[in-house]
1. How many residues are in a loop (DSSP other than H, G, I, E, B) and in contact (Cβ under 8 Å) with a residue 60 or more places away in the chain when one looks only at segment 227-257?
2. Can we say residue 184 is modelled with pLDDT of 85 or more, under 30 Å from residue 52 (Cα atoms), out of contact with any strand residue (DSSP E or B) (no Cβ under 9 Å at 6 or more places or on another chain) and assigned by TED's automatic domain parsing to the domain that holds residue 34?
3. What number goes with the only condition from (1) within 27 Å of residue 259 (Cα to Cα); (2) crowded, with 18+ Cβ neighbours inside 10 Å that residue 9 does not pass?
4. Kindly indicate whether residue 46 is buried (at least 19 other Cβ atoms within 10 Å of the Cβ) and in a helix (DSSP H, G or I).
5. Based on this model, can you work out whether residue 33 counts as at pLDDT 95 or above, in a helix (DSSP H, G or I) and crowded, with 16+ Cβ neighbours inside 10 Å?
6. Here is a list of conditions, (1) surrounded by 14 or more Cβ atoms within 10 Å (Cβ to Cβ); (2) modelled with pLDDT under 90; (3) within 21 Å of residue 156 (Cα to Cα), and residue 130 meets all of them except one; can you say which number that is?
7. Please enumerate the residues belonging to segment 213-225 that are surrounded by fewer than 16 Cβ atoms within 10 Å (Cβ to Cβ) and modelled with pLDDT of 90 or more.
8. Here are 69, 17, 13: which of them is in contact (Cβ under 8 Å) with a residue 12 or more places away in the chain, assigned by TED's automatic domain parsing to the domain that holds residue 192 and under 30 Å from residue 195 (Cα atoms)?
């Protein structure tokens, strides 16, 4: 069995490779999106629907329907194909990584290799969960509908979104930025969830039922000012394979929100000690910057010990109440969730 520090180092290297892939796919998608939305802006300008005219409502409906169809054909479908092609080798690498981690932790696998066909990879990529639906549906249905909705708001209300209570300076802010944020969230979540799915697949080939230990897997959040309160509360939640639990279908993690950065790890990684007897640490970025934090430390305690970070996570007022002890951690999470 490899030293625990070597296992953690391998895990961090793999996370960095995933982040690089996410960044590459996001950059390419946003370039393509800008080109498509620039064409959409020209279509709107040439259509004449921004000015009052007889039958304007019907004209707006025709234009936005055509825009949604065009976005689906010119951006969503090509983007889905691009992601499928890029993530197929990534999924293979995640299978190899998961095998490596099992073997480093002393486990035995029934199969000498675990292979994935191109068709299997495509099904996994298209079917990963993003914001309560599949990546395929998110790109092919929800995204074109979002573009059509933002464009219609822009046509009807100009640069002032009365319904949303926002005032925009440009088409860039009214449409491009909002849709771009949605595309980035979709891609980052899709890559993360596809990688997580592939890593979990390897457990089906594990022959030692005690490999994960009696406590199985554990939800592990990234502790910094960007973590959402729901993920913060889930940190430390344990799961057994085959037994569904919160945001876990019994085999794979399902993210509570887009761009979730959490992982499921074997509990023994978090509860073990290094070869020198020291506890296992993870990096947590709080009020004093990045610092090592014992995996055994509760996330609820960490957030209270970092008041400025707590206010960034929960919002200033709610975070202050938590830090002052006026509400419990669980109450803060519930109040934050209720606001959303």
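The values are calculated or read from the model by the stated rules, or taken from the named source; none is laboratory data. Bear in mind the structure is a predicted one, so any value in this text is a computation, not a measurement. Positions of Cβ are generated from backbone atoms using ideal geometry, with glycine treated the same way; all protein chains shown enter the neighbour counts.
1. 7
2. Here the answer is no, as residue 184 does not meet what is asked.
3. (2)
4. Spelling it out, it is not the case that residue 46 is buried (at least 19 other Cβ atoms within 10 Å of the Cβ) and in a helix (DSSP H, G or I).
5. Yes: the conditions hold for residue 33.
6. All conditions are met except number (3).
7. 225
8. 17
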